[in-house]
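One structure is given below, encoded as structure tokens.
Read-outs: derived from the displayed coordinates by stated rules, not from any lab. Because the structure is a prediction, the values reported are computed rather than measured. Cβ atoms come from the backbone with ideal geometry, glycine included; neighbour counts cover every protein chain shown.
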Amino acid sequence: MLLFIKVAWRNITRNLRRTLITLAAITFGLASIIILFGFTDGFHAQWVENSVKLYAGHVVVYADGFYENRNLNRNIKNAEYVEEMAGKAGGLNAFTTRVHMHGLASTAENSVAVLIRGIETEKEKQISGFDRRIVTGEYLDNEGGKEILLGHGLASRLHANIGNKVVLMVQAADGSIGAELFRLKGIFRAGAIDLDKHLAVISIKDAQDLAVIKGVTEVALILDGPEYVRPFTETLNQEIGSQGFDVLPWDTLMPQAREMIDLSSIFMYVVLAIFLVVVALGILNTMLMSIMERTREFGVMMALGTRPARIVSLVMLESLLLGLIGTVLGVIVGVSANRLVSIDGFDLSDWSAAMELVSSLNPVIYPYTDSYSVSLCAAAVFLTTLVVAIYPALKAARLRPVEAMHFV
Amino acid sequence: MSEAAMESVRTVALSKVYNKSRIPVEALRGVDLEVDKGEFLAIVGPSGSGKTTLLNLIGALDRPTGGEIFVGGSNISRLSSGRQAEIRLRQIGFVFQEFNLIPVLTAIENVEYVMLLQGLNRNIRQARSRAILREVGLEGMEDRRPAELSGGQQQRVAVARAIVTEPDIVLADEPTANLDSETGASLLDLMKKLNRDKQVTIIVSTHDPMVMERVNRVVRMRDGCLDGAR
């Protein structure tokens, strides 16, 4: 068997230039697709992370029924219990409570329908980070101080400047119309067009007063990483799901984000498929040339008693060795390039306006080396090199010794 | 010994027609030939007379258009490619005019190759290969590749490869055609020794008078037919 492997190996190395060109095609092709997947995975990871922190949390706990009909009466009065149980589920990194409601914001100039978010001002710095997103004015520093932050688009529509009065009006939990006067403390740029145009942020105490509730509408939970979302949700659901709570993961709360990621992944698979066809054609060309050059040799091998199946095995073995080396090199080059670029990230500042349309993204993308994506690309390329070799292998095996030996 | 037991190769009304550019060309026309075990036979005739075609058919490298071929008493005329390969592997050794060694293998590996196909273990393969290369005068050249050997040395490797498994029959297609007379003579002596010592049946196609002087019997071919015997 060793001799058989030797034959395969020496056949690969006999035309070194051609082998190197084929290896380069496999290696750089695979590396490119790993880099592209790394960039896309990084884009997705950042997108999810930012969206999760800005919009909700990795996991959000609501009082049973609030998520469906936004009834403020369905609020959580024992958030501490939720925090305690979440702490036991494993993977919890940060925790905050919020009050969410729809309402109307008015200034002397205009009135606009808004989404009102009441936040724990200190804790929220670690999560949505609105303090870092202020472009004019300052962040909230006074719980119950009747101060308000507006998205820059919303502020513009209300013609509101720092220090101006803004009246928020909502239908409170008790059915009354709650109205409260706030002072515009700061204008933020969240980087997400819907938040910038519709979100008003106040302290949670002011929100509770406005809504006439003592509890909170949601408990937002940030985990150590997206990989904890599924197990954490299942565990917490088992613990408190039957006690009047809805435990929902981010992709249920933001199905459009999930669908965008899925769509983007499909696009990547199409790119991968096109790339595989190109690699396949390259290898097929090399293999067919190699088979043609060695027609006489195959004839001799067959004349000596080599069975057709063994000829197939030999050609497949050559392709396997070529594919294996190319795949290993491709993974090394691709992953190394990803790691290198991820140190400083890939700056897309020039397109930041376009990216804002998509979601809350930083203009610098950090490629993410996802072992699943790398394994998928490597396996696809490796299998392609094997599948492509089947035709040349069968072609070689079907040669007739007499004709093959006289092939010039 | 019975007549059947003495028989090494027998062809009955053997014919072969090639279609070259859709024009049928009769390479063999009803060849009847019997070769006994241990015989050293030369097939002579002008180019295109059908010598190589006859050797290819006897060696299960090709299939006849008509007639039968018996090797060691078994009819091999209509076997599958796999069975033909098995016959070539177990019963027949080939020496080709063009040497036809596997270029990526060294001399010893070329000799080992057939034994590898036969499933012999590495130690036996190596021991036998070294011994046979010594016998054909290539001691010390075991690790050279074909490109590093002269034509005569390559043909000796080819002979070593053909006889290392001690086949029943060795078929040699113009084995001296590309060799100088001294190398050719030494190769023929080697084949003669093999034929005499191990009773291997050897069938050679040739134009070379030196070959004809060393064989037991000569048959002549012309236009795909056997002319007669000496």
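Say a paramagnetic label sat at a point 7 Å from the Cα of residue A:212, along Cα to Cβ; which residues of region A:47-74 have their backbone N under 16 Å from it? Of the residues in region A:47-74, A:71-74 have backbone N under 16 Å from the label point off residue A:212.
Short to long, the 5 Å bins of the Cα pair-distance histogram for region B:30-93 hold 3, 15, 28, 27, 18, 8, 1 percent of all pairs.
Ranked for footprinting exposure by Cβ neighbours inside 10 Å, fewest first, A:228, A:372 give A:372, A:228. Each DSSP beta bridge with both residues in chain B is either parallel or antiparallel, and the antiparallel ones are about 55%.
Each residue, residue B:79 and residue A:181, gets one label point 7 Å from its Cα in the Cβ direction; the gap between the two is 10.8 nm.
One decimal place: the segment residue B:122-residue B:207 gains 26.7 nm when fully extended, by the rule 0.36 nm per residue minus the C-alpha distance. Each helix, a run of at least 4 DSSP H residues, gives -39500 (n - 2.57); summed and divided by the residues of chain B, these come to -11000 deg cm²/dmol at 222 nm. Computed log10 I(q)/I(0) for region B:32-161 at 0.22 Å⁻¹: -1.29, from the Debye equation with unit scatterers placed on every C-alpha and solvent omitted. If the chain linking residue A:132 and residue A:171 were pulled fully straight, counting 0.36 nm for each residue of separation and taking away their Cα-Cα distance, it would gain 10.9 nm.
In angstrom, the C-alpha Rg and Dmax of the protein assembly as shown are 41.9, 128. Size of region A:128-179: Rg and Dmax of its alpha carbons, in Å, are 13.0, 36.
Length gained on full extension, residue A:293 to residue A:88: 67.0 nm, using 0.36 nm per residue less the C-alpha separation.
Between the Cα long axis of helix B:181-198 and the first principal axis of chain B there is an angle of about 80°, rounded to the nearest 10. Averaging sequence separations of C-alpha pairs under 8 Å and six or more residues apart, then dividing by the length of chain A, give the relative contact order as a whole percent. The normalised contact order for chain A reaches 27 percent.
For region A:57-253, the ratio of Cα radius of gyration to the globular rule of thumb 2.2 N^0.38 Å stands at 1.02.
Computed over region A:11-111, the P(r) curve from all C-alpha pair distances, binned at 5 Å from the origin, holds 2, 9, 11, 11, 10, 10, 8, 7, 6, 5, 5, 5, 4, 3, 2, 1, 0 percent per bin. Dipole of region B:111-163 computed with +1 at Lys/Arg Cβ and -1 at Asp/Glu Cβ about the Cα centre; of B:124, B:146, B:159, farthest Cα towards the positive end is B:124.
Helices in chain A, meaning DSSP H runs of at least 4 residues, each add -39500 (n - 2.57). Divided by all residues, the mean residue ellipticity at 222 nm is -18500 deg cm²/dmol. Entry for region A:234-274 at q = 0.20, 0.30, 0.35 Å⁻¹: log10 I(q)/I(0) = -0.67, -0.91, -1.02, Debye formula applied to identical alpha-carbon scatterers, no solvent contribution. The angle between the Cα long axis of helix B:81-91 and the main principal axis of chain B comes to about 60°, on a 0 to 90 degree scale.
Calculated on C-alpha atoms, the gyration radius of region A:185-302 divided by its Kirkwood radius gives an Rg/Rh of 1.36. Size estimate for region B:184-230 follows the Kirkwood approach: the inverse of mean 1/r over distinct Cα pairs works out to 11.7 Å.
The share of alpha-carbon pairs in region B:3-229 lying farther apart than 23 Å comes to 47%.
Helices meeting the span-like rule in chain A (full DSSP H runs, Cα extent of at least 20 Å along the helix axis, mean Kyte-Doolittle score of 1.0 or higher): A:255-293, A:308-344, A:371-397. By the count of neighbouring beta-carbon atoms within 10 Å, fewest first, B:76, A:240 end up ordered A:240, B:76. Can you grab the distance from the C-alpha centre of region B:1-70 to the C-alpha centre of region A:188-255, Å, no decimals? A separation of 89 Å, based on Cα centres.
By the count of neighbouring beta-carbon atoms within 10 Å, fewest first, A:218, A:83 end up ordered A:83, A:218.
Spatial offset of region A:374-393 relative to region A:27-81 amounts to 35 Å, using the alpha carbon center of each. For the pair residue A:70 and residue B:143, label points projected 7 Å from Cα toward Cβ lie 8.3 nm apart.
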